[in-house]
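Below is one structure, written out as structure tokens, with a few remarks after it.
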Amino acid sequence: MEKFFDFELTARLLNLDLVHNALLAAAVLGLVAGVLGPLIVMRRMSFAVHGTAELAFTGAAAAMLVGSSVAYGALGGAIVAALLLGLLGGREADRDSVIGVILSFGLGLGVLLLFLNPERTSNKLGILIGQIVAIEPADLTALVIAAVFVLVVLALIYRPLLFASVDPAVAVARGVPVRVLSPIFAVLVGIATALGVQIVGALLVVALMVTPAAAAARITASPLRATVLAVVFAETAALGGIVLSLAPGAPVSFFVTAISFTIYLLCRLASYLRDRGRRSSPEDSDVAGVSAA
């Protein structure tokens, strides 16, 4: 247990280049996840993120089988998932069932691909729970390029996308191209999800893509403030998770998810206390008015 609090070892490990790469990758992912997260929550796409992550896992497993880059395989799988979700889940009534079908198929196919590859068992586990310390400079460069692409495209479509997310019926009536924006946003989410697979793994990527934004939504209704808070929360979870995992050598994903969950609980508590205070205020003022009379 003392390894978890070995600050001297943590300080030494923080000087390693591979840890620097990991921290930079986590910072980039935290920014992208924080910016996309509030829109994901508003559009009720949390389950879709999980389904996309499963096909990102399948793509990564396929890339490993053929000896290609795991990062590019995850990216390809996530984009395919996003396109399938956009094409097959157009109607809201069908969306959950379509995501469930794609999720189960992707997970089953990924397991088969891992079975067909008898080597590199550590990499197999890394796809599921993350392996951020294995990020090479080339992987980091690809991650930064993909993140910049996501942020630039999102900036171009942000206003109509936000309008369509808040009130899709009115957006359609106003001529907003909702049918075009939805698959574009799905692809952006797919790319971001693929970036998260290497850091927290396919099973737990929701911890960065959804949890920080869900926490921010508990304490503010402003899209701008929610985005800023989601970025701060995602960065705290991603960077803090890496630092805490260094000394014990434990999986990064546990610490990332633990920090995200703690932040979410604190935000729920803050929301509860705020709402409780608002409910009690009118009663207090009524009592004061009766006393004055």
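Rule-based calculations on the coordinates, nothing more; no lab input. This one's a predicted model, so the numbers in the text were calculated from it and none came from an experiment. FYI the Cβ positions are ideal-geometry reconstructions off the backbone, even for glycines, and counts take in every protein chain you see.
Points worth noting:
- For ARG159 and LEU266, a Förster radius of 22 Å and the Cβ-Cβ distance give a FRET efficiency of 0.10, rounded to the nearest 0.05.
- Sum of side-chain charges, LEU18 neighbourhood, beta-carbon under 14 Å (Lys, Arg +1; Asp, Glu -1): -2
- Cα centroids of the stretch 1-71 and the stretch 170-214: 15 Å apart.
- Calculated FRET efficiency for the pair SER104/VAL166, C-beta based, R₀ 25 Å, to 0.05: 0.20
- Overall form of the stretch 142-237 per C-alpha gyration tensor (a/c, 1.5; a/b vs b/c): oblate
- Efficiency of FRET from Cβ geometry, GLU136 and ASP96, R₀ 41 Å, rounded to 0.05: 0.60
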